[in-house]
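Values quoted throughout were computed directly from the atomic coordinates according to the rules given, and no laboratory measurement underlies them. These numbers come from a predicted model, not from an experiment. Positions of Cβ are generated from backbone atoms using ideal geometry, with glycine treated the same way; all protein chains shown enter the neighbour counts.
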Amino acid sequence: MSVDWLIVGGGIHGLHIAARLLGEVGVSRDRLRIVDPGDRLIARWRACTATIGMNYLRSPSVHHLDLAPMSLQRFARERKIRRGSGLFASPYERPALTLFNAHCDQVEETFGLADLHIRDRVTACSADCDGVGVELSSGRRIDARNLVLAIGASEQPEWPEWAARGNSRICHVFEPGFDEWPSSSETVMVVGGGISAAQLALRLVEEDHDVHLVSRHVLRQHQFDSDPGWLGPKFMAEFSQERDFGRRRAMITAARHRGSVPPDVRQLIRKAIAREQLEWHEGEVTGFRERQRAIDVALSTNAIVTADRVLLATGFASRRPGGSMVDELIASASLPCATCGYPIVDSMLRWHPRIFVSGPLAELELGPVSRNIAGARRAGDRIVDAARTGSLEVAELT
Ligand SMILES: Cc1cc2nc3c(=O)[nH]c(=O)nc-3n(C[C@H](O)[C@H](O)[C@H](O)COP(=O)(O)OP(=O)(O)OC[C@H]3O[C@@H](n4cnc5c(N)ncnc54)[C@H](O)[C@@H]3O)c2cc1C
């Protein structure tokens with residue numbers, strides 16, 4: 001099979017970029033495909049957000065996957081007639097997850113993206129100046145004139161060192177295929193200090209479990225996971241002028257409010273603590289002992305909590321995603337990387353004349369918002385520009 005555009009990864013980023021290429025550049029549907037192992041597009045997004053019981057997105061309603069900036073609000077207005085209110089949370093008109101997902105379905109349907117989804121995994125890529133040869137785990141091969149690597153971090157959940165994998169009572173809620181949700185009333189320990197852990201704990205409280213939330217730090221409050229100034233020139237001007245990628249990495253790390261929660265979630269957690277529906281522990285897990293029907297978890301506070309299960313909501317590992325497929329591509333095509341291991345790309349997000357990146361792989365160019373929905377839109381802007389100009393010469397990288 002040969003295509004003009006092959007998108008690797010059918011998550012939030014892959015879906016948006018596909019819509020942009022079809023809807024704005026006029027790429028023909030039979031010349032574009034999306035490869036993703038999920039049984040449908042954005043399957044990882046749906047699984048992760050459903051598991052933690054997220055009701056509203058953290059980001060505002062202008063961050064969505066359609067082309068027109070006000071598309072989600074328009075979509076909501078049409079639905080509100082039939083479904084009543086509660087579709088947005090204030091401040092910043094953050095959409096309900098159900099609304100956001102329904103809107104994603106509509107984008108998928110409008111562009112017929114499900115038919116372009118190849119349910120498979122890319123195992124190897126080899127690039128030359130005419131295009132990229134891609135091998136899939138099924139043994140199929142696709143030749144693509146242009147490749148977009150839209151592989152997010154969602155396949156690499158961060159496991160704390162103490163939490164040995166393979167223990168039946170300790171699970172990571174973002175592990176692909178997670179299905180260890182407690183069915184009857186249990187004592188559950190949630191580990192993590194950010195919005196996912198907080199929302200997960202609140203879902204468990206709502207379902208009448210006895211919940212312990214363990215965080216290494218106090219509840220840090222931030223509306224967004226980075227300052228909105230990173231969406232425009234306020235902070236991005238200085239970031240883009242910085243030619244030292246080590247310093248860019250340091251700026252990204254400093255800008256991210258990792259392990260933080262927005263005010264409404266913080267308030268709900270405080271209420272649950274006050275009502276004794278949730279026990280809060282500020283400390284580290286120092287060890288655990290598995291018993292026949294429970295697990296004893298030791299904390300740095302000297303407390304020992306006995307739980308039926310431990311659910312980790314400790315986010316995703318910060319290493320570059322893509323594993324050996326990306327490692328081998330870097331080696332074979334001599335692709336430039338910064339010392340943090342992440343791609344050095346040009347302003348059009350080209351890592352190679354035929355390879356574009358988005359999401360975590362684009363963050364040294366797009367800054368701290370790169371992994372988010374806003375980052376998908378920024379990546380879409382750059383890739384559309386490159387596709388429209390048709391000029392695929394590599395710009396100066398440094
Ligand atoms: C619980 C949660 C809530 C969030 N809420 C918000 C929010 O409110 N607002 C916001 O802006 N952001 C939010 N984010 C952050 C971000 O928008 C999401 O993580 C989003 O899903 C990232 O999309 P993605 O396409 O980059 O990555 P992913 O969702 O990880 O999708 C990438 C896809 O690529 C596939 N893939 C990987 N390797 C290969 C390969 N070799 N071959 C083929 N396919 C491959 C994966 O299987 C996956 O399906 C949230 C994240 C989480 C986890």
*For residue 206 and residue 240, what is the calculated FRET efficiency with R₀ set at 56 Å and r taken between the beta-carbons, to the nearest 0.05?*
0.80
*Distance between the range 334-390 and the range 249-263 - C-alpha centres, whole angstrom*: 20
*Mind checking the dipole of the range 167-314: about its Cα centre, +1 per Lys or Arg Cβ, -1 per Asp or Glu Cβ, Debye to the nearest 20?*
600
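Set the Förster radius R0 to 41 Å, insert the Cβ-Cβ distance between residue 70 and residue 161 as r into 1/(1 + (r/R0)^6), and round the FRET efficiency to 0.05.
On the way: r = 46 Å, r/R0 = 1.12.
Plugging the Cβ-Cβ distance into 1/(1 + (r/R0)^6) gives 0.35.
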*Where in the range 330-359 is the amide nitrogen less than 20 Å from a point lying 7 Å along the Cα-to-Cβ axis of residue 24?*
345-352, 354-359
*What is the spread of the Cα atoms of the range 86-198 along each of their three principal axes, largest first, in whole Å?*
56, 41, 25
*How compact and how long is the range 27-130, expressed as Rg and Dmax of its alpha-carbon atoms in Å?*
16.4, 54
*Let me know the volume per residue of the alpha-carbon convex hull for the chain, in Å³.*
150
*Scaled radius of gyration (Cα, divided by 2.2 N^0.38 Å) that the range 217-283 gives*: 1.52
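For 118, 34, what's the fewest-to-most ordering of other Cβ within 10 Å of each Cβ? Mind dumping the intermediate values first?
On the way: 118 20, 34 24.
Ordered from fewest to most neighbouring Cβ atoms within 10 Å, 118, 34 come out as 118, 34.
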*Calculate the spin-label point distance for residue 115 paired with residue 79, positioning each point 7 Å from the Cα along the beta-carbon direction, and give it in nanometres.*
2.5
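What size of dipole, in debye to the nearest 20, comes out for the chain about its Cα centre when the only charges are +1 on Lys and Arg C-beta atoms and -1 on Asp and Glu C-beta atoms?
Working: 49 positive and 50 negative charges, 147 e Å.
Rounded to the nearest 20 debye, it is 700 debye.
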*Can you sort 213, 364, 97 by how many other beta carbons sit within 10 Å, fewest first?*
97, 364, 213
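Sorting 129, 337, 48 on the 10 Å Cβ count, fewest up front, what's the list? Let's see the in-between values first.
Details: 129 9, 337 15, 48 19.
Ascending number of Cβ neighbours within 10 Å: 129, 337, 48.
May I ask you to derive the relative contact order of the range 279-386, considering only C-alpha pairs under 8 Å and at least 6 residues apart, and to give it as an integer percent? Don't skip to the answer; put the middle values down first.
Values: 126 pairs, mean separation 14.7, N = 108.
Result for the range 279-386 is 14 percent.
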_DSSP loop trypsin sites (Lys or Arg not before Pro) with at most 12 other Cβ within 10 Å: longest gap in the chain_ = 1-139
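In nm, what is the difference between 0.36 nm times the number of residues separating residue 317 and residue 286 and their Cα-Cα distance?
9.1 nm
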_Spin-label proximity, residue 31 to the range 139-155 - amide N less than 12 Å from point 7 Å beyond Cα toward beta carbon_ = 145-146
*Taking a spot 7 Å from the Cα of residue 220 along the direction of its beta carbon, which residues of the range 262-279 have an amide N less than 18 Å from it?*
262-267
